[in-house]
Amino acid sequence: MATGEQQSITLPANSEGIRYIRFHPSKPYFVFSSKVKDELLLELYKCELVDGKWSIEKIPLKQRMNFVSGCAYQFTGDGTNLLVKCIPAEWPEEPPAEPVSTGPSIQEVMKDARKAPGRTYQGEC
């Protein structure tokens, strides 16, 4: 980097672009996810400097990564391991057809119905 020299890195053939780049804290490599063309899938890759050239290697994963709360992977504090959050294997790949309820359901109370406690939703003022 100090010399200003630029090197191109060839992305995987089925890539629509890269996301979530994470640099190793002390070694000359980084990891990134690549969006697979025409699929709802991100694959994980390691890009390492070997003999002055950048080489890319796919990191095999048995399950899909979970990006719900941000980046699905990070290096441990000492940089010896890469932690990856994954989606449980039994979860479906597609989202549910019906959206999840965003609020309380409205119920009608019939005359002479038995009494039962009802849910209340309170927001912050």
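Key figures
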quantity	calculated
Whole-angstrom gap from the stretch 4-54 to the stretch 79-121, using each part's C-alpha centre	36
GluC sites (Glu not before Pro) restricted to the stretch 17-72 and DSSP loop, no more than 11 other C-beta within 10 Å	39
Relative counts (whole %) of C-alpha pair distances in the stretch 13-90, using bins that are 10 Å wide	18, 50, 28, 5, 0
Unit charges on C-beta of K, R, D, E only; dipole of the chain, Debye	320
Cα-Cα separations in the stretch 9-51 greater than 14 Å, expressed as whole percent	48
³J(HN,Hα), Karplus 6.51/-1.76/1.60, whole Hz, each residue of the stretch 97-110, x for Gly, Pro	5, 8, x, 6, 4, 9, x, x, 8, 9, 10, 9, 9, 7
Per residue solvent-accessible surface (Å²) - the chain, probe of 1.4 Å	86
Computed over the chain: relative contact order in percent, which uses C-alpha pairs under 8 Å that are six or more apart	14
Equivalent ellipsoid, the stretch 60-123 (semi-axes from 5 times Cα gyration tensor eigenvalues, Å)	44, 16, 10
Ranked packing of 67-80, 96-109, most packed first, by mean Cβ within 10 Å	67-80, 96-109
Phi-based couplings in Hz for the stretch 72-89 (Karplus 6.51, -1.76, 1.60; Gly and Pro marked x)	8, 9, 7, 7, 5, x, 8, x, 7, 9, 10, 8, 10, 7, 10, 7, x, 4
Amide proton proximity set for residue 85, modelled H, under 5 Å, gap of 5+	66, 73
With at most 13 neighbouring Cβ atoms within 10 Å, loop trypsin sites (Lys or Arg not before Pro) (DSSP) excluded, longest segment of the chain	63-110
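The values are calculated or read from the model by the stated rules, or taken from the named source; none is laboratory data. Everything quoted here is computed from the prediction, not taken from an experiment. In this analysis, Cβ positions are derived from the backbone assuming ideal geometry, glycine residues included, and neighbour counts consider all displayed protein chains. Accessible surface areas use protein heavy atoms only, side chains included; no ligands, DNA or RNA. Shrake-Rupley method; radii C 1.70, N 1.55, O 1.52, S 1.80 Å.
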